[in-house]
Amino acid sequence: MLEIKGLSAEIEGVQVLRRANLSLAEGATVALIGRNGAGKTSLLRAIMGFMKVTEGEISFDGRPLDAVKAHLRPRLGIGYAPEDRRLFPAFTIEENIRLPAEVMKLPAAEIARRLDGIYDVLPELAELRHRPAAGLSGGQGKMAALARALMVGSRVILLDEPFQGLAPVLANRYAAALRTLRDSHPDIALLITESNPSLLRNFAEKAYAIERGEVSEAALAASSLAAAGLH
Ligand SMILES: Nc1ncnc2c1ncn2[C@@H]1O[C@H](COP(=O)(O)OP(=O)(O)OP(=O)(O)O)[C@@H](O)[C@H]1O
Ligand SMILES: [Mg+2]
C-alpha cells in the first residue's frame with residue numbers, strides 16, 4: 001500500500017536519506033529502528049511531504065505521492081504523530097484531537113463518529129477531554145498525539161518514537177492502547193520508529209533498520225516477552 005523506493009532526501013544540502021526502500025502493507029505493523037540522528041524522523045517527514053526529496057519515489061495505493069501536496073496527504077488517510085507531539089496547550093484535549101479533522105473540513109457527523117472510535121481505543125482520554133492540553137503529563141500527551149493521528153489515519157498511522165521518555169508503567173499502558181488499536185482497526189497500517197528494538201518485539205511483524213539514512217530489512221527477535229509488556 002505504501003511503497004518507498006530508492007528515496008534520498010537532504011536537509012540544507014546534507015543527505016539524510018540514502019536510497020531508502022520500505023514497504024508497508026495494509027494492516028501491517030512495521031518497526032523502523034535506528035539510533036539518534038539515523039534518519040527516522042526524516043523518513044516519516046518525507047512520507048508527509050515535509051522533506052526535500054532528491055531521488056526515488058513514495059507511492060500510496062500505486063499513486064506517486066510527489067504529486068500530492070503535503071497539506072493534502074492527510075486526506076488520503078495518513079495520520080502522523082511527530083516525536084515532539086505539538087499539542088496546542090491552550091486548547092482542550094478534544095479540541096487538539098479534532099483539529100486536523102476540522103482543517104480537513106470533515107463533516108461534523110464524521111468527526112463525532114471518529115471521536116467515538118478514538119475514545120473506545122483510548123478511554124482515559126474521554127475522561128480528560130475537556131481539560132486544557134497544557135496540564136497533560138508526558139504519557140497523556142503521547143496518548144493525545146496518538147488520538148490526533150487516529151483522527152486522520154484511517155489507512156496509515158506514522159508514530160515517531162512514541163515510547164521515548166515514557167516511564168515503564170506508561171509505556172505498558174501505551175503499548176496496550178496500540179494493541180487495542182491493532183485489534184479494533186486491523187486494516188490500519190502502523191509504521192513505528194524506535195531507537196530501542198526490544199520495545200517493538202512481539203508487536204511489529206516486520207522491521208527495518210536505519211543507519212545514516214540507509215534502510216535495510218532487519219530481524220526482530222521474537223524473545224523478551226517482558227519488553228515493555230508488548231506481548
Ligand atoms: N533541522 C535540521 N537541520 C540540519 N540537520 C538536521 C535537521 N534535522 C535533522 N538533521 C540531521 O538529519 C539527520 C537525520 O535526522 P533525523 O531527525 O531524521 O534522525 P532521527 O533518527 O529521527 O534521530 P532522533 O532519534 O534523534 O530523533 C541527522 O544527522 C540530523 O543531525
Ligand atoms: Mg527523530
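Computed quantities for the displayed model
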item	result
FRET efficiency, 1/(1 + (r/R0)^6) with R0 22 Å, evaluated for Glu12 and Glu217 via beta carbons	0.15
Prolate/oblate/rounded label for the chain (Cα gyration tensor, a/c 1.5)	oblate
Region 2-229: relative contact order as a whole-number percent, Cα under 8 Å and 6+ apart	31 percent
Close Lys-Lys pairs in the chain, where close means Cα under 28 Å and separation is 8 or more or interchain	16
For the chain, with +1 on Lys and Arg beta carbons and -1 on Asp and Glu, the positive-most of Ile188, Gln140, Leu158 along the dipole	Gln140
Kyte-Doolittle mean at least -1.0, axial Cα span of 15 Å or more - DSSP H helices of the chain	93-103, 108-121, 138-152, 168-184
Lys, Arg +1 and Asp, Glu -1 on Cβ, resulting dipole of region 2-229 about Cα centre, debye, nearest 20	220 debye
Choice from Pro82, Pro100, Pro64 with maximal GNM fluctuation in the chain (Cα, 10 Å cutoff)	Pro64
Total formal charge among the other residues, if their Cβ is under 13 angstrom from that of Gly56, Lys/Arg +1 and Asp/Glu -1	-2
Mean Cα-pair separation over length for region 34-109, i.e. relative contact order, pairs under 8 Å, 6 or more apart, %	22 percent
Neighbourhood net charge (10 Å Cβ-Cβ; Lys/Arg +1, Asp/Glu -1) for Arg148	+3
Relative contact order (%) - region 105-231, alpha-carbon pairs under 8 angstrom, separation at least six	22 percent
Net charge of Cβ neighbours under 13 Å - reference Arg173; Lys, Arg +1; Asp, Glu -1	+1
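Each reported figure results from applying straightforward, stated rules to the coordinates on display, with no laboratory input. These figures come from a predicted structure and were not determined experimentally. Positions of Cβ are backbone-derived with ideal geometry, glycine not excepted, and every protein chain shown enters the neighbour counts.
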